Every structure is written in C-alpha cells, then in structure tokens.
Amino acid sequence: MTSYKELGLVNTRDMFAKAVKGGYAIGAFNFNNMEQMQAIVQACVETKSPVILQVSRGARDYANINLLRNMARGVVEYAHELGCDIPIVLHLDHGDSFETCKDCIDNGFSSVMIDGSSLPYDENVALTKKVVEYAHQYDVTVEGELGVLAGIEDEVSSAVSHYTKPEEVEDFVSKTGVDSLAISVGTSHGAYKFTPEQCTRNAEGILVPPELRFDILAEVEKRLPGFPIVLHGSSSVPQEYVKMINEFGGKLKDSVGIPEDQLRKAAASAVCKINIDSDGRLAMTGTIRKVLAEKPSEFDPRKYLGPAREALKKMYMHKNIDVLGSAGHALD
Ligand code: G3H
Ligand code: 13P
Ligand code: ZN
C-alpha cells in the first residue's frame, strides 16, 4: 500500500472548497505518457494553477500502474524544480468497479471516480457507497456520477444522453457520502459532440451549439449549496487543430465542441472540476502530423513529440487562464 501522501499529492477536498468559493474550476487533464504529463505540469506551474492529473482505465493499462505511481512522485518533484509547489491530485477517471478503485487507492491515487451512472439508481448508490467507505479510510476523495453523457465514457458508450435529475442529487450525495458529483447537462465525450447541422451561426459566423442546461445546473446547486460539481466531456474541439489534422493527411469529420464562454460560465458556479481530454489529443495529433509532413526525413521522436508537448502546454495555459479561471490560485 502506498499512500498518496508519501508521494506529495493532495486529495480534492481543499482544492474544491477553494474553487467553489473563488468561482473558478480546476482543470482535470487526461494523460497517458510522459510528454502529456510534462506539458500539463509545465503549463500549471507557469500559470500557478492547481491541477488534477487524470488517468482513465485505458490509460492505466497503457502506462502501467507502477510507472504511474512513480511518475506521480516525479511530477511533484518536477513542479518543485520548476519553481512552484502547485497542489497536484492523481485521479482515476471513470472507475468501473470497486476493485479498480481499490487498486488505484492502494497505488497512490489521491482521488477516484466511481462511475455507476449506467447502473440502475439503487445499484449506483450501493457501489458508490462501497467505494467511499474504502476510500475515506485513507483520506482519498471520491467522485460519483448521476446522469449519462452521450459518447464514449471510457469503454461504456451511449448514443443519447440522459440529463441528471436534480430531484435525485440530495438523496445520492447523502446516501453515498461522495465528495463531488459529475452531472449531465449537455456535454458529451470525444471529438464529435455536435454536428454543424445541430448548431446556429452567431453574428461573427461562428457555429454555436445548443446551450448547456444551465437550468439543471442551477437546480442542482440550489439543492446542494456549495457542493463540488464536475463536468465531463468539456473539450471545445479547437478548429485550428481539426484543420491541421485534416490538412496533413487526417480525416476528421466536422464537429463543434463546448464553447469556451459556456465553460467559463459553468466554472463561475458550483462546477469546480472540468474534464478535458480530446482537445489534448487533437493538439498533439495535429502537431505531430504537421511536423512529419513538413519534415519527411525526420525520424527522431523528440523532433515531433517536443513540438507536440509545446502545443499542449500552450493549450493548457490557455484553458487555465481564459476558460477555467484557475490561474494564480495554486497557493490560495
Ligand atoms: O472519458 C473518457 C476519457 O476521454 C478517457 O478516454 O478511455 O480512451 O483513455 P480513454
Ligand atoms: P472530452 O472528450 O470532451 O475531452 O472529455 C474528457 C472527459 O470527460 C474525461 O473523463
Ligand atoms: Zn469523462
């Protein structure tokens, strides 16, 4: 058993309390490899932002849990070396079973999500409660989920979303003891969130998708005052990188993501964790495709992974400063 405390990590409790009070959200950025992890830490140190390093079940299998635990230790030391001891959480994204959550808790994760959102309500309550009881013995915080997002939720996919029912949230939180709650208000996973046909054009000619269900969010907030709310599926699908991928041999379909101003509005409310994965994938893939297309004789991985890391860093800095509002809050 390795406690996250030995690794220098923190759980989400204080971080979320400060974010809810301060009207900003913490970036929960998914990573699978060293360059993504470096980019996230460099960006968050530079903007002085607290951060949640997020590992999906797929990423855990891809990277290996022993390496991840030691990378997390390294991340804390790396942030210190870069000049700011930002608070860092290592979080399991979309845990699907008690066993997966336990394994992560035993291996130095400071926060886990148990995603019982596709189960019948009572089963979701029972599973989430079991994870909370184990996690809290080690001061690990737990995220639960009510409502289903469209798209792929880490191997669980749903064609349609089911918005969170506000009338269930108080009962769920009090019965399970969760520390935060992911809700479904119109976001979805992956790069294909809205087709252009589902959008309208604003005065500047930019495609705007249907607005998130801020009415549901407000009702949840009213029923759970000050309680930390989480938004999954919050990539904005930067058109710059979609174009770059397609210009250099990719074949992505047209798609529109969650507008940044809507995320900023959500971050000012009880939403204190915003999950972003796909935007990082787009930035990384676009940059790598561009370098390889422009320098076809290049075969040193550092020559394309290095620029990809720079693009990621720039993107995460932009998220922290302009979207989440977390910049400058690392030492609150
Ligand atoms: O919510 C899903 C995340 O984007 C993780 O995706 O299972 O492909 O690592 P993944
Ligand atoms: P995106 O696919 O919108 O980046 O969402 C990521 C996510 O919710 C991870 O849990
Ligand atoms: Zn998710």
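The values are calculated or read from the model by the stated rules, or taken from the named source; none is laboratory data. What you see is a predicted model; the values in this text were computed from it and never measured. For neighbour counting, all protein chains shown are included, and Cβ atoms are generated from backbone atoms with ideal geometry for every residue, glycine included.
Listed by first and then second residue, the pairs with beta-carbon distance under 6 Å, at least 6 apart or on different chains, first residue in the range 255-277 and at pLDDT 95 or above and of a type in the set (D, E, K, R), second within 15 Å of ligand 2 (Cβ to nearest atom) and in a helix (DSSP H, G or I), are E260/V323; R264/V323.
Looking at the range 228-235, is at least one residue out of contact with any His (no Cβ under 6 Å at 6 or more places or on another chain), hydroxyl-bearing (S, T, Y), within 16 Å of ligand 3 (Cβ to nearest atom) and within 23 Å of S180 (Cα to Cα)? Scanning the range 228-235 turns up at least one residue that is out of contact with any His (no Cβ under 6 Å at 6 or more places or on another chain), hydroxyl-bearing (S, T, Y), within 16 Å of ligand 3 (Cβ to nearest atom) and within 23 Å of S180 (Cα to Cα).
Is it the case, given these coordinates, that A63 is modelled with pLDDT of 95 or more, farther than 24 Å from C272 by Cβ and hydrophobic (A, V, I, L, M, F, W, C)?
Judged against the criteria, A63 is a match.
Close Cβ contacts (under 7 Å, 6 or more residues apart or on different chains) running from residues in the range 46-65 that are aromatic (F, W, Y) to residues that are buried (at least 17 other Cβ atoms within 10 Å of the Cβ) and not in a helix (DSSP H, G or I) comprise Y62/N32.
A count restricted to the range 234-251 and to residues that are in contact (Cβ under 8 Å) with a residue 24 or more places away in the chain, farther than 16 Å from Y316 by Cβ, surrounded by fewer than 20 Cβ atoms within 10 Å (Cβ to Cβ) and touching a Leu at 6+ places or on another chain (Cβ under 8 Å) stands at 1. Looking at L263, is it surrounded by 20 or more Cβ atoms within 10 Å (Cβ to Cβ) and in contact with a Pro (Cβ under 7 Å, 6 or more places away or on another chain)? Against the criterion (surrounded by 20 or more Cβ atoms within 10 Å (Cβ to Cβ) and in contact with a Pro (Cβ under 7 Å, 6 or more places away or on another chain)), L263 does not qualify. Considering the range 234-312, the qualifying helices (runs of 4 or more DSSP H), each wholly inside and each with 1 or more residues that are small (G, A, S) and in contact with a helix residue (DSSP H, G or I) (Cβ under 9 Å, 6 or more places away or on another chain), run over 260-267, 278-294. I'm trying to understand the selection: among the residues of the range 160-181, which are assigned to a loop (DSSP other than H, G, I, E, B), of a type outside the set (D, E) and over 13 Å from N124 (Cα atoms)? V160, S161, Y163, T164, K165 - these are the residues of the range 160-181 that are assigned to a loop (DSSP other than H, G, I, E, B), of a type outside the set (D, E) and over 13 Å from N124 (Cα atoms). On inspection, N246 does not qualify as touching a His at 6+ places or on another chain (Cβ under 6 Å) and modelled with pLDDT of 95 or more. For E221, the requirement of being of a type in the set (D, E) and either within 16 Å of ligand 1 (Cβ to nearest atom) or surrounded by fewer than 18 Cβ atoms within 10 Å (Cβ to Cβ) (or both) is not met.
Residues that are part of a loop (DSSP other than H, G, I, E, B) and either within 15 Å of ligand 2 (Cβ to nearest atom) or surrounded by fewer than 24 Cβ atoms within 10 Å (Cβ to Cβ) (or both): does the range 60-73 have at least one? Steps first, please.
We begin by selecting, within the range 60-73, every residue part of a loop (DSSP other than H, G, I, E, B); these are 64.
Cutting the leftovers down to either within 15 Å of ligand 2 (Cβ to nearest atom) or surrounded by fewer than 24 Cβ atoms within 10 Å (Cβ to Cβ) (or both) gives us 64.
Scanning the range 60-73, I find at least one residue that is part of a loop (DSSP other than H, G, I, E, B) and either within 15 Å of ligand 2 (Cβ to nearest atom) or surrounded by fewer than 24 Cβ atoms within 10 Å (Cβ to Cβ) (or both), so the answer is yes.
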